[in-house]
1. Can you grab the distance from the C-alpha centre of segment A:189-211 to the C-alpha centre of segment A:100-155, Å, no decimals?
2. Which residue, chosen from A:VAL230, A:PHE191, A:PRO173, occupies the Cα position most advanced towards the positive end of the dipole of chain A, where the dipole is computed from +1 (Lys, Arg) and -1 (Asp, Glu) charges on Cβ about the Cα centre?
3. Of A:LYS250/B:LYS27; A:LYS121/B:LYS41; A:LYS255/B:LYS84, which sit over 24 Å apart, Cα to Cα?
4. Just to check I understand the Karplus step: with θ = phi - 60° and J = 6.51 cos²θ - 1.76 cosθ + 1.60, what whole-Hz values come out for segment A:203-213, glycine and proline as x?
5. Between A:ILE206, A:GLN123, A:SER40, whose Cα lies farthest towards the positive end of the dipole of chain A when Lys and Arg beta carbons carry +1 and Asp and Glu beta carbons carry -1, centred on the Cα centre?
6. Quick check: convex hull of the Cα atoms in the protein assembly as shown, volume per residue, rounded to a whole Å³?
7. Would you pull out the residues with amide H under 5 Å of B:TRP50's amide H, same chain only if 5 or more places away, H placed 1.01 Å from N?
8. How charged is the neighbourhood of B:MET98? Take every other residue with its Cβ under 11 Å from the Cβ of B:MET98, and add Lys/Arg as +1 and Asp/Glu as -1.
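None of the figures in this text is laboratory data; all of them are computed from the coordinates on show. Owing to the predicted nature of the structure, the values given are computational and were not obtained by experimental measurement. Note that we place each Cβ from the backbone using ideal geometry, even for glycine, and neighbour counts take in every protein chain shown.
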Amino acid sequence: MKKILVKTKIQKLTACLLLAGMAFTAVSSVFASPEQDRKSIIEYFETRFVGIPLSEYANGVYAYDTVGRESWEAIEEFPPYEIAIEKGQTMWETPFANGKTYKDCFPDGPAFADQYPRWDKKQAKVVTLPLAINQCREANGEKPLKYKKGSINDILAYIAYESRGKKTHVVIPEGEPGALAAYEDGKKFFFTRRGQLNFSCATCHIQNAGNRIRSDNLSPALGHTTHFPVYRSKWGAVGTLHRRFTGCNKQVRAKPFKAQGEEYRNLEYFLTYLSNGLELNGPGSRK
Amino acid sequence: MKLAIKLLLIVVLGFTSTVILAAASDKAAQDAIAAADQARKKAASVKGEWRDTGKIIKQAEQTRKKGDFDKAIKLANKAERQGKYGYEQAMSQQTLKMPSYLKY
């Protein structure tokens, strides 16, 4: 594992990464199936971090950040997201003004986070859990919730908590060209360099996973989605996956996209697919 | 006498030319800002807009309103360059190429 020195200026790191980036030349634009993508990325991490069992990637960066792991485990003993779970349970159980509840929309709930994100044939798009929640609210005459901050995180935290132990199993239905196209779109997003710093998601979360950027150890893309929503000390609150995407886009000085817009939903579809088979363990806590 | 008239002429000329120059600069600043916004939109149309381009354009506009046309033009040009780079960056990656560290 090569280490990039912590430099105060991100520009310096950019230079390093760009140089590192030049050391390889992009190849193979041949089509690979989603399963081939997933296997290839797993193989990459198995070679990069020898001896770490696949299931450990559900713990994100703590799969290999042994120092950070200690304080993380200490925090998890008194989880900062507990209040969110409680509030979310109240939301789940409190009927809407029309007397219906979330359960009427989601009969398999509240332990059903594993069913998302999924391809919705009727709507011809990827539907994520936050989007489904708002569609349920609106169908019942309630106002939609905001997608990054606020109470959507409570209901998501409760659903995530109830869904613990289930496994990620994103399906790309055969005979649905739209679903595969959405996956491919998300994959392209993930590997596309953007912003003034010219980084792709993959630059940080695959190529440089385990290297440090400022004070952060970079997490692996594998396992990125298992624990959302996440309590971040930096936010002082629980936040959604798309809030995190926004932050990561801004970090490289790219203009972020709309939370729950097509770009991020397709990205989520691809990214979650990579974690197929990994256990859902949300909500989580991170630095 | 003659000298006084000459001096007066110089002063008057100098003054009018400053006015003309200043007027040209405001127009130039407006044009530069419009060009920058066009470049920003073009980048956005291929999902390549950078984070700060819009902010820099706003700054340019505020600076122009305060009458600092040179600075406004500088800012606008910077934003226009960002728009161009963002567009080129996105266009250069129209077909996805998987990095070679991933084996298939």
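1. Cα centroid of segment A:189-211 versus Cα centroid of segment A:100-155: 30 Å apart.
2. Farthest along the dipole direction, towards plus: A:PHE191.
3. A:LYS250/B:LYS27; A:LYS121/B:LYS41
4. 3, 7, 9, 10, 4, 10, 4, x, 8, 9, 10
5. A:ILE206
6. Values: hull volume 74.6 nm³, N = 391.
Roughly 191 Å³ of hull volume per residue.
7. A:LYS255
8. Numbers: positive: A:LYS187, A:LYS188, B:LYS97, B:LYS103; negative: A:ASP37.
Result for the neighbourhood of B:MET98: +3.
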